[in-house]
1. Just for helices (runs of 4 or more DSSP H) wholly inside region A:156-275: which have at least 3 residues that are without any contact (Cβ under 8 Å) to a residue 12 or more places away in the chain?
2. Among (1) crowded, with 17+ Cβ neighbours inside 10 Å; (2) under 13 Å from B:G142 (Cα atoms); (3) of a type in the set (D, E, K, R), there is one condition B:E87 misses while meeting the rest; what is its number?
3. Which of (1) modelled with pLDDT of 90 or more; (2) within 30 Å of the chain's Cα centre (by Cα); (3) farther than 21 Å from B:A40 by Cβ is the odd one out, the single condition B:C199 does not satisfy?
4. Could you give me the residue pairs with C-beta distances under 6 Å whose first residue belongs to region B:147-162 and is part of a loop (DSSP other than H, G, I, E, B), whose second residue is basic (K, R) wherever it lies, and which are 6+ apart or on separate chains?
5. I'm trying to understand the selection: among the residues of region B:264-300, which are free of Cβ contacts under 8 Å to residues at least 24 places away in the same chain, under 30 Å from B:S189 (Cα atoms) and among the aliphatic types (A, V, I, L, M)?
6. Exactly one of (1) in a helix (DSSP H, G or I); (2) in contact (Cβ under 8 Å) with a residue 60 or more places away in the chain; (3) not hydroxyl-bearing (S, T, Y) is unmet by A:V69. Its number?
7. Please verify whether region A:11-20 includes one or more residues that are farther than 27 Å from A:A147 by Cβ, within 14 Å of chain B (Cβ to nearest Cβ) and outside any helix (DSSP H, G or I).
8. Suppose we filter B:S15, B:S25 for residues that are surrounded by fewer than 22 Cβ atoms within 10 Å (Cβ to Cβ), hydroxyl-bearing (S, T, Y) and under 17 Å from the mean Cα position of the chain (by Cα); which single one remains?
Amino acid sequence: MTTLIIAQLTIQETQRRRILWIGGIMAVLFLLIFGIGTHYIFLEWEESNIVGETFDIVSGLLLSAGLYVVNFLIIIMSVLTSVTAVSSEIDTHTIETLITKPVNRWEVVLGKYVGFAGLLLLYVLLLAGGLILIFTLRSGLVVHNIAYGLAIMVLQGLVVLSVTIFGGTRLSTLANGVFAFMLYGLAFIGGWVEQIGSLLRNETAVDIGIATSLIMPTEILWKKALSLFQPQIATSTSFAGPFAVSSQPSDLMIQYAVAYTVIILILALFSFSRKDL
Amino acid sequence: MVAIETQLLRKEFGSKTAVSDLSLSVKQGEIFGFLGPNGAGKTTSIKMLLGLTQPTSGSATLLNKPIGNREARTEVGFLPEHFRFHEWLKAHEFLDLHGRLYGMSKSLRQNTIPDLLALVGLSDNTQTQLKAFSKGMLQRIGLAQALLNSPKLVFLDEPTSGLDPLGRRLVRDIIHDLREEGTTVFLNSHLLSEVEQTCDRVTFIRQGQTLDTIDLHTYRPEKVELTLRVGQPNETLLAALKEWDETVQFSPASGRYQLTLPHENKLPELANWIMTNQYTLYELTPKKLSLEELFLKIVSQEEHS
């Protein structure tokens with residue numbers, strides 16, 4: 001019950017602080033621009049009579065670019081909205097009146113997590129779902145495994161949420177923000193090192209990429225989502241652009257990411273339960 | 001019945017000892033003052049009692065339940081020293097949230113919240129967001145939050161620090177009402193005059209250790225300072241009074257002697273002596289030691305020892 005009360009409070013806070021509305025309006029604006037842009041691009045291609053595999057690849061590139069931006073926005077939103085959730089309330093002593101009630105501390109942190117997870121789900125559905133819908137309607141092309149792919153994108157956000165909530169129980173707000181973004185940066189660059197290493201057949205570079213995926217499995221989840229949405233484009237050997245996936249992330253990696261999310265969250269709950277305030 | 005019991009409660013932060021073996025007992029229905037200089041460990045002690053901080057060693061109970069236990073907080077209210085709340089909530093929503101956390105039913109919350117808002121003088125601000133509240137209003141809403149569950153035990157940490165004289169009066173009245181209802185109040189305040197007016201007993205602590213506990217209703221200091229005025233002040237009398245107190249002072253402006261007797265029972269003896277020696281006694285006023293003086297005396301005694 002406490003968890004639900006705090007989850008509601010978390011969502012209410014994003015409404016009152018206008019984070020939800022600003023995020024929503026900007027998302028709609030983003031989709032509008034993507035839609036208009038996509039329409040004119042396809043209009044040009046139709047007039048130029050681009051067809052066949054070339055059409056599929058350039059269309060896939062457009063979808064990948066849109067999803068890439070959405071993915072980045074989801075990470076940013078996950079960090080920015082949750083980074084102050086625990087640490088700021090500790091710093092300002094706001095949390096003291098909450099946890100001196102007959103509640104368990106872990107319920108309060110879990111409630112915040114659930115609240116942010118709900119918002120994350122909404123945001124992914126709106127942005128990624130909206131983008132895929134616009135693309136499909138205009139291009140007539142099929143986007144595969146939509147539900148599974150969106151679920152992987154949500155999982156990616158949950159990974160980030162777990163990290164920021166855990167950081168919030170131990171670090172100041174600013175340090176927590178730096179910690180979360182740097183971890184994401186590490187995963188990002190690790191992903192690229194792996195990608196390039198794979199093309200050059202350099203095992204050390206590939207191993208570095210795998211190691212960073214274990215430290216922070218966000219980039220690998222992004223690649224998984226991309227390969228699910230467009231299996232034939234993302235994993236195409238003839239197309240090695242920025243959105244290509246050189247090797248298909250395994251299901252074991254997904255299981256690892258789920259376990260990672262749960263374990264870091266449990267650590268956060270435990271850490272806060274033991275913390276002196 | 002005991003509301004709070006601590007035994008050798010201790011808190012260390014690294015090499016620093018914030019609270020050193022605190023042992024105290026607060027009776028149910030008592031208004032208990034918790035006094036000490038800055039850094040004495042008062043807030044850390046309260047935090048340990050409320051489960052905000054883990055004790056390094058020792059034990060304590062609230063309403064006969066071990067501290068840190070969720071059940072122990074069911075009948076406890078708390079107004080923190082730093083009364084920072086979710087400022088984007090409206091006053092009514094804020095109390096409703098805390099009522100839900102106490103597990104109060106919707107109907108009980110609907111009945112209780114307007115009464116509490118009226119009690120703390122915020123009936124006109126029910127729909128006002130807390131960010132628009134002044135410091136004093138925040139402290140009032142914090143007090144209402146501490147009383148939501150009709151607690152058996154309330155911790156008030158500096159409850160009047162942001163209040164004007166009217167607000168302080170209100171808090172005093174609320175504490176008196178709580179006493180009538182049999183609620184235990186654990187009061188931490190720097191405003192010793194407030195403590196003096198409201199508390200039944202006070203404990204003085206320093207460096208996390210109890211120095212002394214005093215019942216303010218029955219306390220009689222050992223030494224008595226007094227003011228004396230007689231009809232014929234002169235050097236002979238001054239010399240004679242030095243037999244009673246070597247440090248006796250005479251103020252020609254007021255015509256009064258100031259002296260200290262070793263015990264209250266010397267007062268009638270002195271009055272008899274004055275009259276036996278043919279002096280006309282106009283005034284013999286023992287001075288009651290204020291809590292502030294008592295505080296300074298006890299804390300400085302400990303420093304010197």
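The values are calculated or read from the model by the stated rules, or taken from the named source; none is laboratory data. Here the structure is a predicted model, which is why all the values come from computation and not from measurement. Positions of Cβ are generated from backbone atoms using ideal geometry, with glycine treated the same way; all protein chains shown enter the neighbour counts.
1. Working: elements: A:173-200, A:203-215, A:218-229, A:231-234, A:251-274.
The qualifying helices (runs of 4 or more DSSP H) are A:173-200, A:203-215, A:251-274.
2. If we test B:E87 against (1) crowded, with 17+ Cβ neighbours inside 10 Å; (2) under 13 Å from B:G142 (Cα atoms); (3) of a type in the set (D, E, K, R), just (1) comes out false.
3. B:C199 satisfies every listed condition except (3).
4. B:T160/B:R168; B:G162/B:K135
5. Once the filter is applied, which keeps residues that are free of Cβ contacts under 8 Å to residues at least 24 places away in the same chain, under 30 Å from B:S189 (Cα atoms) and among the aliphatic types (A, V, I, L, M), region B:264-300 yields only B:L296.
6. The failed condition is (2).
7. yes
8. On the way: B:S15 fails: under 17 Å from the mean Cα position of the chain (by Cα).
Matching residue, one of B:S15, B:S25: B:S25.
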